[in-house]
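Quick note: the coordinates plus some simple rules give every number you see, no bench work behind them. Quick caveat: nothing in here was measured; it's all calculated off a predicted structure. For neighbour counting, all protein chains shown are included, and Cβ atoms are generated from backbone atoms with ideal geometry for every residue, glycine included.
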Amino acid sequence: MKKTFTKFVIYTIILLGVTGTFSGCQSIETPPPNELLVDDAIKTTDDLQRLLNASYNEVANTFGGFAPLMSEMQSDNLSMPNNNDLKELYSPNVLFFNTTSGSFYSILYRAIFRANFVQDNMDKVADLSAADKNRMMGEIKFIRALCHFTAVRMYAKPYGFSAKNEHPGIAVVLKSSTKPNPRLSVGEAYDAILADLKDAENLLPAENGNYADKMSATALLAHVYFQMGKYTDAATQASTVIDSKKYTLSDTVNLFTPAASSEHIFKIVSTGVNDKRSGGYSDNYSPGNPTCQLSKALWESLKVDLATDKRLKLLTVVNAGAQNEFIKSEMFNAPYFNVPVLHLTQMHLIRAEALAKSGGDLTVATADINAIIKRAYTDNSKIVAAGSTAQQIIDATRTQRRIELLFQGDRTNEIKRLGAIESQNLYVRGHRWDCDGFVLQFPITEKTSIFDINPTGGCN
């Protein structure tokens, strides 16, 4: 009986894996690996690929809108949501493990588990070529790094919060074991993320369809270094992506499109209304009275450029002047669209600020930010002049980052970076950037003799 059950479960995971694009929104709990008869269930390279696709499936469930929404809700970009779970994030006062944050944590680590399961069973497949093994290992390490990086930014105080980054981080899971994993320090978590990404960069092919490729790892490395305040390294990685000429800045200001974009480095693919992986955005931002609405304070600061900033045309004031006035986004109104996780605009923004912060080439930094500005505005009033100081470039870049990456989950991480790395005394709706409420709660089931969960409490 046990043998039949375990074979059924693993084959279910295999069959529900994605083939070619991210699809199939199933939520399958993977049983303990010591109960899986992998000798019977995994025989071929195709079996491994289907299991790896099942990991990508969870990546799509997470980054198709869920992760950006969770992060964005903690920032000062949005107004109070009409959803109780999200209200806790907005407060910020996640005092218990609610349905939304619970699902988020589970999906992140399920993606990691499934990737690790492939890794730990490669040697059982006789027909696995060296090229396929390298590619799969590169994808596994990329997925792990992406999920761990997301987790450490949301479940721990930011990098730079303590002098040696010895403050509590997350569990870093590198094998498909169900034994409890200790909670590492933030510094140790970042070390593991960097190690995975450097390996992924070496292992991944230059082209890999809709899956992670070499430039995906390089672009994510740029993000990680930038979050750490390692600006020279961030600029170097961003330059590698930009200078590859593999991507070009899009003419459109909306990168959430059904069609392929010249900017997309790594994306969540939706191929139609029956294969829609973008619901985290469209379901929460697009209805007549959307769950998530733009902050009125932010809108008041932005609308002064309404006549010249093409990006603001994607924002609509509903019930103008009435007590129930709100601002909604028109970015996500298509029946389905691809979701950019890593894209070229991010690389230009990272390089511009990183060069200015590290004493790099200000001419290049100026060109980076001006490329974004020239696309966004119908006039030249925001152009950064030649010979501008490093601080002027930084200020311009941060202004444009706020608008360009709106709704993409960047703002909260930006606030934490500036608070921890630059010691800026930043507040979100009266709450200081380092208050406990800006750190999500682990599930109570994580609490073991080797894993202490975050203290309950919000921001006073």
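Just to confirm a number: summing +1 for Lys and Arg and -1 for Asp and Glu over residues other than residue 220 whose beta-carbon lies under 12 angstrom from that of residue 220, what do you get? Walk me through the intermediate numbers first.
On the way: positive: 141, 144, 198, 214; negative: 196, 201, 213.
Within the 12 Å Cβ shell, the charges total +1.
One chain, two ends: residue 202 and residue 325. Fully extended at 0.36 nm per residue, the span grows by 39.1 nm beyond their Cα-Cα distance. Listed cross-link partners 246/313; 310/382; 230/382; 179/447; 164/267; 87/447 are compared with a 23 Å cut-off, the Cα-Cα value being larger for 246/313; 230/382; 164/267; 87/447. At the listed q of 0.06, 0.07, 0.10 Å⁻¹, the Debye profile of the chain, built from one uniform point per Cα, gives log10 I(q)/I(0) equal to -0.25, -0.35, -0.72. The Stokes-Einstein estimate for segment 123-265, based on a Kirkwood radius over Cα pairs and taken at 25 °C with 0.890 mPa s viscosity, is a diffusion coefficient of 148 µm²/s. Charging the Cβ of each Asp and Glu at -1 and of each Lys and Arg at +1, and nothing else, the dipole of segment 195-244 about its Cα centre rounds to 140 debye. Rounded to the nearest whole Hz, the Karplus-based 3J(HN,Hα) values (6.51 cos²θ - 1.76 cosθ + 1.60, θ = phi - 60°) of segment 362-373 follow the sequence 6, 5, 5, 4, 4, 5, 4, 6, 5, 4, 5, 5, with x at glycine and proline. In this structure, residue 444 and residue 422 have a Cβ-Cβ separation that, at R0 = 56 Å, corresponds to a calculated FRET efficiency of about 0.95. Each part reduced to its alpha carbon centroid, segment 126-196 and segment 246-311 end up 29 Å apart. With the charge dipole of the chain set up from +1 on Lys and Arg Cβ and -1 on Asp and Glu Cβ about the Cα centre, the Cα lying farthest toward the positive end among the listed residues 262, 316, 210 is that of 316. Taking the Cα atoms of segment 237-300, the ratio Rg/Rh between the radius of gyration and the Kirkwood radius comes to 1.07.
In this structure the amide hydrogen of residue 442, modeled in the peptide plane, comes within under 5 Å of the amide hydrogens of 454, none closer than 5 places in sequence on its chain.
Please report, to one decimal in angstroms, the Kirkwood hydrodynamic radius of segment 82-195 built from all distinct Cα-Cα pairs. Display every interim value, and only then the final one.
Details: mean 1/r = 0.0634 Å⁻¹.
With all distinct Cα pairs of segment 82-195 included, I get 15.8 Å.
Other residues with beta-carbon under 12 Å from the beta-carbon of residue 158 carry, at +1 per Lys or Arg and -1 per Asp or Glu, a net charge of +1. In plain terms, the residue of 214, 198 with the fewest other Cβ atoms within 10 Å comes first and the most crowded comes last, giving 198, 214.
Segment residue 252..residue 306, full-extension length gain: 17.8 nm, with 0.36 nm per residue of separation and the alpha-carbon distance subtracted.
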